[in-house]
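All of the numbers you see were taken from the coordinates with simple rules; none came from a lab. Here the structure is a predicted model, which is why all the values come from computation and not from measurement. Neighbour counts run over all protein chains shown; Cβ positions are idealised from the backbone, glycine included.
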Amino acid sequence: MIKYITIIIILFIVAPVNAVTWYPPNGANPQFVFLGDSSTEGYPYAIDSIYTYPYQFCHTVSSCTFLNKGVYGETSNNIWSRWTADVINHSPRYVVIMMGGNDIINGPPNTKSVFLAIYAGMLDSAQANNIIAVVVTIAPCTYMSDVQSTNIDDWNASLQSLVGTYANAVWVDNRTALGKFRSGGTAGNLWDIKTEYNSGDNIHFNATGYLAFAQAVYDTLSISGFIVNNLPSSFSGVLSGGTFR
C-alpha cells in the first residue's frame with residue numbers, strides 16, 4: 001500500500017502544467033477560444049491566472065466557457081500550425097485572435113504578406129466552420145523601435161481592410177485603450193504602452209492593462225451585432241487573487 005501511495009504522489013509532482021485552461025472546468029465545447037502569443041497567454045502571469053485578458057473577459061459574461069491558447073514567443077506561422085487542433089477541433093462560437101508582434105520583432109521570414117495570408121486562411125476556415133472571428137490589432141509595444149512601430153501601424157491597417165471583407169469577422173482596435181503617444185514618432189501615434197498598464201518589460205501588460213484589454217474586446221463585441229450569449233450591459237473585471245509567475 002505504501003508503494004502505491006508513493007507512486008501516485010511522485011506522478012502528481014512531476015506532471016507538467018496543462019496549458020489548456022477552462023472556466024468553468026472541462027465540459028462541452030467552449031464558447032470562446034482565445035488564440036495568440038504571450039499577451040493572450042497572459043505573461044507575466046500564469047496562464048490560469050485571473051489576471052489574463054481571456055479570464056477578465058469571461059468573468060463578465062455569465063456562464064462563459066473559454067480556452068486560453070496563447071503561447072509565449074510564437075509567430076503567426078507557429079500559431080497557424082495549431083489552428084485546427086486549438087480552434088476547429090473545439091468548435092467554439094467565437095475565436096479571438098491577436099498575433100503579429102513576434103513576427104515584427106523577429107523579422108524575415110515573418111513578412112507582412114505571410115502574416116496577411118495566414119490571417120486570410122484563418123478567416124476562411126472560421127467562416128467555413130460557422131465561427132465568429134474576433135480579430136484584435138497588434139497591440140502597442142514600447143519595446144519596438146520607431147521603424148518597427150511604423151510597421152505595426154501598416155500591418156494593422158492592411159489587416160483591418162482584410163477583416164472588413166468577411167461577414168463573420170469583428171475588428172477590435174485596442175490601441176486607444178492601451179497605447180500612448182511616443183515623442184518623435186508619427187503624428188497621433190499610439191506606439192507605447194500606457195505607463196499605468198506596462199508590466200515593466202515594455203512588451204506585456206500588467207493586471208490593470210489586461211483588464212483594459214478585456215474591456216476593449218467586450219465593448220467592441222457589445223456593439224458589433226454579433227450577440228454574445230448572456231452579455232451583460234456593463235463590464236466588470238476582477239483584480240485580486242491572481243497568480244504571478
Quiz prompt | Peptides ranked, highest mean first, by Cβ atoms within 10 Å: ranges 207-215, 150-158 | solution = 207-215, 150-158
Practice problem: Can you quote the Å³ per residue value for the convex hull of the Cα atoms in region 81-191, rounded to an integer? | Solution: 103 Å³
Practice problem: Tabulate in residue order the Karplus-calculated ³J(HN,Hα) for region 43-58, using 6.51 cos²θ - 1.76 cosθ + 1.60 with θ = phi - 60°, rounded to whole Hz; enter x for Gly and Pro. | Solution: 3, x, 8, 5, 4, 9, 6, 6, 7, 5, 5, x, 5, 4, 5, 6
Self-check item: Modelled FRET efficiency - R0 41 Å, A85 with F181, Cβ distances, 0.05 increments
Solution: 0.55
Self-check item: Proxy reagent accessibility, fewest Cβ within 10 Å first, across Y197, Y143, Y53
Solution: Y143, Y197, Y53
Quiz item: What residues have an amide H closer than 5 Å to that of Y51, excluding those fewer than 5 places away on the same chain, when H is modeled at 1.01 Å from N in the peptide plane?
Solution: T243
Exercise. Report the Stokes-Einstein translational diffusion coefficient (µm² s⁻¹, integer) for region 19-223, Rh taken as the Kirkwood radius over Cα pairs, at 37 °C with viscosity 0.692 mPa s.
Key: 195 µm²/s
